[in-house]
Each structure stands twice: as C-alpha cells, then as structure tokens.
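The values are calculated or read from the model by the stated rules, or taken from the named source; none is laboratory data. Keep in mind it's a predicted model, so treat the numbers as computed, not measured. A quick note on method: Cβ atoms are made from the backbone with ideal geometry, for glycine too, and the neighbour counts reach across all protein chains shown. Accessible surface areas use protein heavy atoms only, side chains included; no ligands, DNA or RNA. Shrake-Rupley method; radii C 1.70, N 1.55, O 1.52, S 1.80 Å.
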Amino acid sequence: MTEPSGGPLGAGGRRHRAPGGHRRPVVVLVWCLAALLVLCGGGLTYVYFKLNGNIKGVDINAQLGTARPHDVDNGSEDILVLGSDSRAGKNDEYGRDSGTARSDTAMVVHVYKGHKKASVVSIPRDTLVDRPVCTDSKGRPVPAAHLAMFNSAYEVGGPACAVKTVESLSGIRMDHYIEVDFTGFKKIVDELGGVKITTTKAIDDPKSHLKLAAGTHTLHGEQALGLVRTRHSIGDGSDLGRIQLQQIFIKSLIGQIKSVGVFSNPKKLFDLADTATSAITPDSQLDSVNKLIGFAGGLKDIGGKNLKMITLPVRYDPADGNRVLPLKKQSGQVWTALAHDRPIPASATKDSAGDKENVGRVVEGG
C-alpha cells in the first residue's frame, strides 16, 4: 500500500470515533489452552468427547487455496487471533445484532523457534489497508478494495478474508486462526477467579460500564470485559490507547493462568477446559482436542516475561483523524523481523502513534 505523504498528526489534529465495536484480549485463550488441555490427554472418555464436542472449526485453507505466502518451515508459528463484534446470541447484551460482524480485535502471534518466547502485533481495527480479492464462507467472490478499514475484511468475507488480508499486509503465511467472543472471555476470567490490576487514577467510563477507584482491584468477568473495552478516561481516549490497555491486561491474565491451582483441582481444570473450548472457533487444523493438545503443549512455557507486545506502527490519516495508516518503513521492519524469526527491533515503533499513548501510567498489571 502506498503511504500518503505527511508526518504524524498531533493530538489536536485527530478526531476520535464514536463508540462502536469493542476489543477483547483474545490472545490469552492460546495460553489458557496451553495450561489446560495438555492435562486432559489421558483423561476420561467422557471428558474427551465433551470437550471435543465443544469445538467448531473453520476450514481456512480450503477457502484460501494456494495463492498464499510461502510456508516457512523453520520451527516458528504464526497465529491470527481474532475477536468479532457479533451481537448475536448470548452477546446481544452488548448491542444490537445487525446481522454482520467485524474483527474488532486482531493480533498476530509469532511463536519463535523453540517455542520459549513470542511476539504479538496488534492491528488497529481502523487501519486503512488494500483488501485483496477474497472468497467468503459460501464460496462467493468478494472484490478487492483500496484503503478499506482492516476490520471490514471479516465483515464482508469472514475468517478466510481476514486471514488473506493479514497475509497480504504482512507477507507472512498464517499457520493457524483462532476466534473468540464476549461471553467466552468473561467466563474464562471468572473461572480463573478474576485478574488483578492496579489503577493509578480513577476510571469512570459509562460507555463500557466501568467504574473503578484508584488502587488495586481483582476484576471478574464483567468488569474485566469493561476494562478491555474502555477507551474513555484513559490516555487520550483513542482506540490505540485501548490496545495498550488490553496488552497490559493480557500479561496480567497470563500470570493468573500460570498461578491458579488447576493441577490439584480436577473440577476447576475441567471447568476451565470446558469454557476455553466453548469460547473459541479455531481453524480446521486445530478443531479437535487431540490437535489442540499438540498445539497448546508447544506454547505452555511462554509467559509474560518472554512475550513482547506491540501495536502495528501507524499514523493518523490526514484526511480522517478516525483512521490510521501503516508507517511503511517501520511496519516493514516488524514483518521482516517476524518473517525471519528475529526479535522486533525497538526502532520499528519509533514515531508510531500507537507508541505515544500513556495508558501504562494509568493501569498496571497486578
């Protein structure tokens, strides 16, 4: 994509969107599965079939065909973790169901060779990209679009179109796809007994129904969902600030997953595994307990200390302050590093609008 000329806009030069879809830190489910499903491999037949019955996969590879980036076999893995803003079913309490859904959370998880560390790149939903020609889940063609919002790919073409758009943007083949919803996220947090965070000042955001005094809190499902949805009363109120807030929460949640006593509590273990497998829609290569056990077992050693999280380097669009554009040079540094299984250089986030938020001064991990 050609990046329009001009430098980053200042805070006064951008306009923030009215509340719309909401993000969830869905990447934590990868670590939930890593902590839980590995322990179920030798379990009771009932447990196996119950968990297996929860999992509904989607065949991404069949829809995408062969016109994809080269599959690099170097021991690393790339996973697109997506959250949709569907308001259907149990999610209808978060807004009216319009009959479509958009990908309001998108994170590319790169697991390095050896599976001891990972990098996560959050792609802002309002990033303007060149969306490629896609085929939707019913086999119908979806035309390409120039400078379309990133989250429109899922809306018009479903998971396969979202994957193809990420592959077109990054030049990296996605090995796996995982999707999660509002209700599943809340249940995961509740099953874990809540997640501890600290606020350095009060947060009062009626839009996300979150009201917290300054101090340390253990957030349960509904409050946790409110925290990762909020953007008002933190940073400058932008979606980029909300991504940073989610990243802080994710690291706290991973720590909670690793510390909770599931090994000595079979019921808690089963409840967590039942919730996690019900909450996700994986690709067809991960659509059974056995497949997930093998996949998750390779991720169980990754914790917050060896997890690097960034936002795709962007700047605000001079033509519309509600949209962002990838910084061509810095974004190229990010994708090149991951394609070669190298750490993301610090210079990649320099001058990025997403690197200038100060959410970390407001909310800290517990």
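At-a-glance table
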{"read-out": "Only listed residue being more than 20 Å from Pro282 (Cα to Cα) and either open to solvent by less than 30 Å² (accessible area, probe 1.4 Å) or of a type in the set (S, T, N, Q) (or both), chosen from Thr199, Thr135", "value": "Thr199"}
{"read-out": "Residue that is surrounded by 23 or more Cβ atoms within 10 Å (Cβ to Cβ) and under 20 Å from Leu338 (Cα atoms), where the choices are Val324, Val314", "value": "Val314"}
{"read-out": "In the range 269-306, residue least open to solvent (accessible area, probe 1.4 Å) [restricted to those that are within 17 Å of the chain's Cα centre (by Cα) and farther than 29 Å from Asp59 by Cβ]", "value": "Gly303"}
{"read-out": "Candidate set from the range 184-223 (those that are more than 19 Å from the chain's Cα centre (by Cα) and of a type in the set (Ser, Thr, Tyr)); member that is farthest from Ile234 (Cα to Cα)", "value": "Thr218"}
{"read-out": "Yes/no for Gln244 being under 30 Å from Gly332 (Cα atoms), assigned to a helix (DSSP H, G or I) and open to solvent by 10 Å² or more (accessible area, probe 1.4 Å)", "value": "yes"}
{"read-out": "Whichever residue in the range 92-105 is open to solvent by less than 10 Å² (accessible area, probe 1.4 Å) and not charged (D, E, K, R) and, among such residues, is modelled with the highest pLDDT", "value": "Thr105"}
{"read-out": "Flag if Asp204 is acidic (Asp, Glu) and either modelled with pLDDT of 85 or more or open to solvent by less than 10 Å² (accessible area, probe 1.4 Å) (or both)", "value": "yes"}
{"read-out": "Answer from Val129, Val108, Val142 - the residue that is under 22 Å from Gly304 (Cα atoms), among the β-branched types (Val, Ile, Thr), at pLDDT 90 or above and open to solvent by less than 30 Å² (accessible area, probe 1.4 Å)", "value": "Val108"}
